[in-house]
Amino acid sequence: MNKLTPREIVAQLDRYIIGQDKAKRAVAVALRNRYRRAQLPPEMQEEVTPKNILMVGPTGVGKTEIARRLAKLVDAPFVKVEATKFTEVGYVGRDVETIIRDLIEASVRLTKEAHQARVHVKACQAAEVRLADLIIRPGGRKATNPIDLLLGNKPRTPEISPDEKENLSRKRGEVIARLRAGELEHEIVEVEVEEVTPHNEIPGTDVNMNDVLGGLIPKKTKLRKMEVREARRILINEEEQNLIDMDAVYTEAIDRAEQDGIVFIDEIDKVAGKASGHGPDVSREGVQRDILPIVEGCTVQTKYGPVKTDHILFIAAGAFHVSKVSDLIPELQGRFPVRVELQPLTVEDYKLILTQPDNALISQYQALLAVDKVDLKFDDSALQVIAEEAYAANEKMENIGARRLHTVLEEMLSDIAYNAGGGDAPEVSVVVDAEYVKKQMAVEDRQQNLKKYIL
């Protein structure tokens, strides 16, 4: 996927996001430049840094979605953070270095999934053998010595005779054949599973005590009765864990985060402006100065090892209704050389958003109601009125962009969604036209107008 040209990247983004061509082109070029950089001599690669992007535009027009889809497109580690969650060192709030720690966690998860996929077939085969043994010998669990348990040693399996081994092998083959045929999915087996321990964080830090002491204290296990289909999933996961090398996963994850990581910093405009000397504004400029080293390039210590941020792509976004881009400190402005303006959505944009993207909103509602035997159809006049209602609502109230379509659709389809369902419900076909939409929205408008008389 890294070899996609900018035009191909934009074509992929067009499948999910309507309009905003300038922003799509900017992120497409930034992504392609990563591939171009990888083809350069090593000594030049270090000198070529990402051209970070600052997106300026109102909420709900696609800023986050562009960054998120971009990361999915290339299977890159991605993290979205809000600038308002962080405060200057010395004030209550999150440390900006947690941005990189969250990114490395995302990278470890992606890398681990990739490694597990490589050994999945082998893990399935091993899990089948274990499942067969649980079915054949439900009372023949491994004997555990208390000393072994204390030292974290593996339980010892009791010795069996050659005849028993041969008989066990034959039975195992028969059971595995039945497992593969799906005949034993609801059979109950008893599986030893690891007990889930709560996340025990040290106050004021992002350090989990369970991670710190995990290697010193043996993990507790318990026996659970469950169906074969659930046990298979647990055993496959255990076998995958046994087959992969976690040290290799961590090493690859760090490299992946450093070279391919994407950080999306939302609401950057909320920390713009000079400190007023009191109240919540006092740490605004401090937050910017704390974010600056991360964006410039530094080394952050994580539990997996040091992570360099020099080649991570940072995409910042903000509405900048009250503040201006020039209110950011000059050093931070300079670290986002590519600036793109995202345009407010038009009525035509809203109409396209309803039907054009992959798994568009109308398709989602049709699929949801089809579960309850409702064949839902929309004619073009209905789509036009829905788009106009969303646009008008955003003009009259807080402008939340395309998210307003969810509100309009929920209100408009509330009666249909409420009355659908039930075991004896017949199959029905509903065609939504402009008149139906206007009628439903008129009811909602009357209810909204009544609210001002209710204390």
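The values are calculated or read from the model by the stated rules, or taken from the named source; none is laboratory data. Just so it is clear, the structure is predicted and the values come from calculations on it, not from any experiment. Note that we place each Cβ from the backbone using ideal geometry, even for glycine, and neighbour counts take in every protein chain shown. We work out accessible area using only protein heavy atoms, side chains counted, and drop any ligands, DNA or RNA first. Shrake-Rupley method; radii C 1.70, N 1.55, O 1.52, S 1.80 Å.
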Using a Förster distance of 45 Å, the FRET efficiency for Thr64-Leu168 (Cβ separation, nearest 0.05): 0.20
Could you please state how large a percent of the accessible area of region 320-455 is carbon and sulfur, counting protein chains only and using a 1.4 Å probe? 52
Is region 313-447 rounded, prolate or oblate when judged by the Cα gyration tensor, a ≥ b ≥ c being the square roots of its eigenvalues, rounded requiring a/c under 1.5 and prolate requiring a/b larger than b/c? prolate
Looking at region 2-81, which GluC sites (Glu not before Pro) are DSSP coil and have at most 10 other C-beta atoms within 10 Å of their C-beta? Glu47
Arg36 to Ile329: FRET efficiency via 1/(1 + (r/R0)^6), r the Cβ-Cβ distance, R0 45 Å, to the nearest 0.05? 0.90
Chain lengthening between Ala114 and Thr251 when straightened (0.36 nm per residue, less Cα-Cα): 48.0 nm
Per 0.36 nm of contour for each residue apart, how much would the distance between Leu243 and Arg180 grow if the chain were fully extended, relative to their Cα-Cα spacing? 20.5 nm
Tell me, what is the per residue accessible area of region 319-455 in Å², probe radius 1.4 Å? 61
Once fully extended, how much extra length lies between Lys303 and Ser381, figured as 0.36 nm per residue of separation less the alpha-carbon to alpha-carbon distance? 22.4 nm
Quick one: net charge of Lys24's neighbours, Cβ under 10 Å, K/R +1, D/E -1? +1
Overall form of region 311-382 per C-alpha gyration tensor (a/c, 1.5; a/b vs b/c): prolate
Here FRET efficiency (C-beta to C-beta, Val347 to Ile136, R₀ 60 Å, nearest 0.05) is 0.35
How many nm separate the modelled label positions at Glu227 and Ser161, each set 7 Å beyond the Cα in the direction of the Cβ? 3.9
Checked against a 20 Å limit on the C-alpha separation, the offending pairs among Lys122/Lys303; Lys63/Lys112; Lys22/Lys396; Lys24/Lys270; Lys72/Lys122; Lys51/Lys80 are Lys122/Lys303; Lys63/Lys112; Lys22/Lys396; Lys24/Lys270; Lys72/Lys122
Using a 1.4 Å probe, how large is the accessible area of Lys324, given in Å² and rounded to the nearest 10? 120
Under a 1.4 Å probe, counting only protein heavy atoms, Thr299 has an accessible area in Å², nearest 10, of 80
